[in-house]
Protein chains: 4
Amino acid sequence: MTSIITYGQAPELEVVTWLNTKQPLTLSALRGKVIVIHAFQMLCPACVVHGIPQASAIHELYSQDEVQVIGLHTVFEHHNVMTVEALTAFAAEYRLTFPIAVDVPSNTGSIPKTMAAYYMQGTPTLIVIDQQGQIRHNLFGRTSDMQVGNFIGQIISEGKSYR
Amino acid sequence: MTSIITYGQAPELEVVTWLNTKQPLTLSALRGKVIVIHAFQMLCPACVVHGIPQASAIHELYSQDEVQVIGLHTVFEHHNVMTVEALTAFAAEYRLTFPIAVDVPSNTGSIPKTMAAYYMQGTPTLIVIDQQGQIRHNLFGRTSDMQVGNFIGQIISEGKSYR
Amino acid sequence: MTSIITYGQAPELEVVTWLNTKQPLTLSALRGKVIVIHAFQMLCPACVVHGIPQASAIHELYSQDEVQVIGLHTVFEHHNVMTVEALTAFAAEYRLTFPIAVDVPSNTGSIPKTMAAYYMQGTPTLIVIDQQGQIRHNLFGRTSDMQVGNFIGQIISEGKSYR
Amino acid sequence: MTSIITYGQAPELEVVTWLNTKQPLTLSALRGKVIVIHAFQMLCPACVVHGIPQASAIHELYSQDEVQVIGLHTVFEHHNVMTVEALTAFAAEYRLTFPIAVDVPSNTGSIPKTMAAYYMQGTPTLIVIDQQGQIRHNLFGRTSDMQVGNFIGQIISEGKSYR
């Protein structure tokens, strides 16, 4: 993994459409929870083998009252075939159950808007946002399950100490 | 795995187009080699996790003089998104190097023509054809690497004893 | 995993001898750090396949200023062959680098003394003790790496909030 | 893996004692079957993680009429602790069911007698002997399951063509 230091308030997601949720989610409405954004592309092998199973494991381990997992489909290559329709089939076949946002394509380049706003370097990227909406981790590549649990656990515990 | 007894001559592949080969392949021109057909769909999780890595391992283990691996994209669901263009992106991202044939869609149903001709039950399916063009194994689901090596090894050795 | 609720002060380790440390460790001297005790037997398959690699991963992930991993060889069967000499060969072959304590055999039964004091149900068992010396988790069997990271991370973070 | 060319008749096993068999086995009495010898040490990590599970998989895949798996405990280090009593506990804990022979210690050096007779370089080693008692493969280190299946399958098939 490579860690990008991007402290500060997490920019709001820019989203074309959502899967696996009745209502669109916003980071501001999730204030008070830890938010884990798993940015992926459906044709990215490291996402399929590592990132998506890890995101699913986070989704299963934690109560949604404490941690909200959000998949973010950040298409920056093969735009013609990684469409919303293709992603919908992919999510069904892989039985993904956490909410998935489709990032808004750029008007000018290949990098979609939320991906650019978070200075992501590629996929998979895992972003961990604390209960106050601050970006705490912005992790490109593979991070071990133990480290991910450690990062989330630390932020959960901080939240308890504020009360 | 489930084994289907379909002895007899292997029907010729019906193919829309090929990837990873300059010349289209035909089973008849491959007579004298063991042919391993790995039937898959790019959005089938068991294919991505098990079948495709196994097909790649077969392709790496054996000399192409003895064993020819052929991927066969047998789309029987999500036809709109598992297009040739999408498969091409998939094969590039997963760095597949063995020849891949795209099965011909049916005029009347969802099952493509080669898939139907072999009575395949789904994906992944591994078909092993001997040097005389006879179907020897038609294996739906997951078969262990050891068993696959065993089946191929037995047929290779038979071929030597004919000489 | 099965969690045993055994709140309260962690009893001091009873130790025949130590491996991988110049000085014997005591829990009281480690006050202020998170302590992770991995109880194992060298001939326990789930310990070898799961527990010991997990203990090594904890040892690698965390600074020893924050988290002290201690292996505890709790022999409760095959006493004749799981000797200190055998354990020493085992630890060398498996290249274990964290400190390992050998639990003191019982005078009356098969369960060694520290194992009994912690009411352990078998091996592998993972015990997590906080900075104040309180038992926080007493986990028999397999616990996922993500959950272990989560538990340790929460306790680390609590420690920071006390300051 | 490293392959040692040691063609020729397989030397008979020299054995202190057997586990998991009522009668001692001899290679000569097994003529007509493929024999797979898995040489290991109970404290060798690569044996525990790779070699022993592979030997068990061979034992499960093939009929004992065709392939006889034999474990061979070739202790060449830590002799004091890798005793027959320790091996017996190990085999019980790991639920090994194939016959296991204990190699005869050398009078003069650390390498036991069968290990020396086969010119083995270490553990794990996998030796494949054909139906005529000829050594066909002498493989030190890790060999893939597919390759092992391939080697055994080829020899099985040869045996059929002799009939």
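The values are calculated or read from the model by the stated rules, or taken from the named source; none is laboratory data. Keep in mind it's a predicted model, so treat the numbers as computed, not measured. Note that each Cβ is placed from the backbone with ideal geometry, even for glycine, and that neighbours are counted across all protein chains shown. With ligands, DNA and RNA removed, areas are computed over all heavy atoms of the protein, side chains included. Shrake-Rupley method; radii C 1.70, N 1.55, O 1.52, S 1.80 Å.
Select from the range B:93-119 the residues that are over 30 Å from B:G153 (Cα atoms) and not in a loop (DSSP other than H, G, I, E, B) and list them in ascending order.
B:E93
Only one of A:G32, A:G51 is open to solvent by 10 Å² or more (accessible area, probe 1.4 Å), small (G, A, S) and either under 22 Å from B:A89 (Cα atoms) or more than 12 Å from every other protein chain (Cβ to nearest Cβ) (or both). Can you tell me which?
A:G32
Go through D:A89, D:A116 for me and flag whichever is within 12 Å of another protein chain (Cβ to nearest Cβ) and either more than 11 Å from the chain's Cα centre (by Cα) or of a type in the set (D, E, K, R) (or both).
That would be D:A89, the only listed residue that is within 12 Å of another protein chain (Cβ to nearest Cβ) and either more than 11 Å from the chain's Cα centre (by Cα) or of a type in the set (D, E, K, R) (or both).
If you check B:L72, B:L19, which single one turns out to be touching a His at 6+ places or on another chain (Cβ under 8 Å) and more than 12 Å from every other protein chain (Cβ to nearest Cβ)?
Only one candidate qualifies: B:L72.
Give the range A:118-163 a look and list any residue that's among the aromatic types (F, W, Y) and either on the phi < 0 side of the Ramachandran plot or at pLDDT below 95 (or both), or say none.
Those that are among the aromatic types (F, W, Y) and either on the phi < 0 side of the Ramachandran plot or at pLDDT below 95 (or both): A:Y118, A:F140, A:F151, A:Y162.
Return yes or no: is D:A39 open to solvent by 10 Å² or more (accessible area, probe 1.4 Å) and among the small types (G, A, S)?
no
Restricting attention to the range B:149-163, and to residues there that are charged (D, E, K, R) and open to solvent by 40 Å² or more (accessible area, probe 1.4 Å), which single residue is nearest to the other protein chains (Cβ to nearest Cβ)?
B:K160
Is at least one residue of the range A:62-75 within 17 Å of the chain's Cα centre (by Cα) and in a helix (DSSP H, G or I)?
No: zero hits.
Which condition number in (1) assigned to a helix (DSSP H, G or I); (2) farther than 19 Å from C:T125 by Cα is the one that C:K22 fails?
(1)
Would you mind telling me which numbered condition in (1) in contact with a Lys or Arg (Cβ under 8 Å, 6 or more places away or on another chain); (2) farther than 24 Å from D:P11 by Cα D:V49 fails?
Going through the list (1) in contact with a Lys or Arg (Cβ under 8 Å, 6 or more places away or on another chain); (2) farther than 24 Å from D:P11 by Cα, D:V49 breaks only (1).
Only one of (1) within 14 Å of chain B (Cβ to nearest Cβ); (2) under 26 Å from A:S157 (Cβ atoms); (3) surrounded by fewer than 18 Cβ atoms within 10 Å (Cβ to Cβ) fails for A:E77. Which number is that?
(2)
Out of (1) in a loop (DSSP other than H, G, I, E, B); (2) touching a residue at least 60 places away in the same chain (Cβ under 8 Å), the odd one out for A:H79 is which?
Of the numbered conditions (1) in a loop (DSSP other than H, G, I, E, B); (2) touching a residue at least 60 places away in the same chain (Cβ under 8 Å), the odd one out for A:H79 is (2).
Please work out which one of (1) away from chain B (no Cβ under 14 Å); (2) touching a Ser or Thr at 6+ places or on another chain (Cβ under 9 Å); (3) in contact (Cβ under 8 Å) with a residue 24 or more places away in the chain is the condition D:L126 fails and give its number.
Answer for D:L126: the failing condition is (1).
D:G122 fails exactly one of the following numbered conditions: (1) farther than 18 Å from D:E14 by Cα; (2) in a loop (DSSP other than H, G, I, E, B); (3) among the small types (G, A, S). What is the number of that condition?
D:G122 satisfies all of (1) farther than 18 Å from D:E14 by Cα; (2) in a loop (DSSP other than H, G, I, E, B); (3) among the small types (G, A, S) except (1).
Report yes if some residue within the range D:36-43 is within 14 Å of another protein chain (Cβ to nearest Cβ) and closer than 21 Å to D:Q154 by Cβ; otherwise report no. Before you say what the answer is, go through the steps one by one.
First, the residues of the range D:36-43 that are within 14 Å of another protein chain (Cβ to nearest Cβ): D:36, D:38, D:40-43.
Keeping just the survivors that are closer than 21 Å to D:Q154 by Cβ gives D:36, D:38.
Yes.
I want to confirm something. Restricting to the range C:100-116 and keeping residues that are among the β-branched types (V, I, T) and more than 24 Å from C:S56 (Cα to Cα), which single residue is surrounded by the most Cβ atoms within 10 Å (Cβ to Cβ)?
Initially, the range C:100-116 is screened for residues among the β-branched types (V, I, T), giving C:100, C:102, C:104, C:108, C:111, C:114.
Filter again for more than 24 Å from C:S56 (Cα to Cα), leaving C:108, C:111.
Values: C:T108: 6, C:I111: 18.
My answer is C:I111.
Taking A:D103 as the residue in question, decide whether it is charged (D, E, K, R), under 27 Å from C:F151 (Cβ atoms) and more than 14 Å from chain B (Cβ to nearest Cβ).
no
Does B:Q23 qualify as being surrounded by fewer than 22 Cβ atoms within 10 Å (Cβ to Cβ), more than 25 Å from B:K160 (Cβ to Cβ) and of a type in the set (S, T, N, Q)?
yes
Select from the range A:84-99 the residues that are within 12 Å of A:I52 (Cβ to Cβ) and open to solvent by 20 Å² or more (accessible area, probe 1.4 Å) and list them in ascending order.
A:E93, A:Y94, A:R95, A:T97
I'd like the full set of residues that are part of a loop (DSSP other than H, G, I, E, B), over 17 Å from B:P53 (Cβ atoms) and open to solvent by less than 10 Å² (accessible area, probe 1.4 Å), limited to the range B:131-148.
Selection gives B:G133 alone.
Does A:L61 satisfy being in contact with a Gly (Cβ under 8 Å, 6 or more places away or on another chain), away from every other protein chain (no Cβ under 11 Å) and crowded, with 17+ Cβ neighbours inside 10 Å?
Details: in contact with a Gly (Cβ under 8 Å, 6 or more places away or on another chain): yes; away from every other protein chain (no Cβ under 11 Å): no; crowded, with 17+ Cβ neighbours inside 10 Å: yes.
Criteria not met by A:L61.
Just give me the residues in the range B:1-15 being in a loop (DSSP other than H, G, I, E, B), of a type outside the set (D, E) and modelled with pLDDT of 95 or more, in sequence order.
Correct list: B:A10, B:P11, B:L13.
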